[in-house]
1. Roughly what would the spin-label model give for Arg127 and Cys68, points 7 Å off Cα along C-beta, in nm?
2. Would you mind checking which residues have amide H under 5 Å from Ala118's amide H? H placed 1.01 Å from N; only 5 or more apart, or other chain.
3. Sequence-distant or interchain residues sharing an amide H contact under 5 Å with Ala65, placed H: which?
4. Work out from phi, with θ = phi - 60° and the Karplus expression 6.51 cos²θ - 1.76 cosθ + 1.60, the ³J(HN,Hα) of each residue of the stretch 75-80, listed in order in whole Hz, and give x for Gly and Pro.
5. Send over the Kirkwood Rh of the stretch 81-129, from the inverse of the averaged 1/r over different Cα pairs, rounded to one decimal Å.
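Coordinate-derived values only; no laboratory data. Given the structure is predicted, the values throughout are model-derived calculations rather than measurements. Heads up, the Cβs are rebuilt from the backbone with ideal geometry, glycines too, and the neighbour counts pull from every protein chain shown.
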Amino acid sequence: MPKSATYALLALAAVAAAGAGCNDEDHDEAADIARLATMEARIDALIGDAACTGGDDCRTVAFGAKPCGGPWKYKIFAAATLDTAELARLVKAYNDHNAVLNARWGWASDCAYVMEPAVGCVEGRCRAVVP
């Protein structure tokens with residue numbers, strides 16, 4: 001899913017929460033959404049261009065936390081070109097924060113199951129491929 005779609009989903013969640021009448025004086029929903037965007041940008045910077053030399057380099061990680069369960073999407077990365085422990089730590093922090101915000105703001109989702117994509121090295125970059 002492109003970044004613009006992710007931001008659109010977060011904006012839609014913000015509108016849904018506002019319509020639900022959530023009034024939390026200790027938190028600012030816009031600031032929470034901005035924090036998620038900053039966290040995702042850091043993850044995307046770590047993943048970079050996902051350069052690879054072969055299909056074995058390519059992996060996926062479940063990303064985000066839908067309110068009814070499961071990830072919003074999968075991020076594709078090249079394991080050989082980054083610190084996978086750091087990526088796991090950052091993604092866990094993002095997913096955990098997303099889950100907290102789902103509850104805090106009453107965010108909803110489509111509850112659709114997101115399939116983990118098959119990945120491979122295509123023209124030197126890890127990409128989703130048709131199996």
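1. 3.3
2. Amide H to amide H, under 5 Å and 5 or more residues apart or across chains, Ala118 pairs with Val129.
3. Amide H neighbours of Ala65: Trp72.
4. Ordered by residue, 3J(HN,Hα) equals 9, 9, 9, 9, 4, 6 Hz.
5. Details: mean 1/r = 0.0731 Å⁻¹.
About 13.7 Å for the stretch 81-129.
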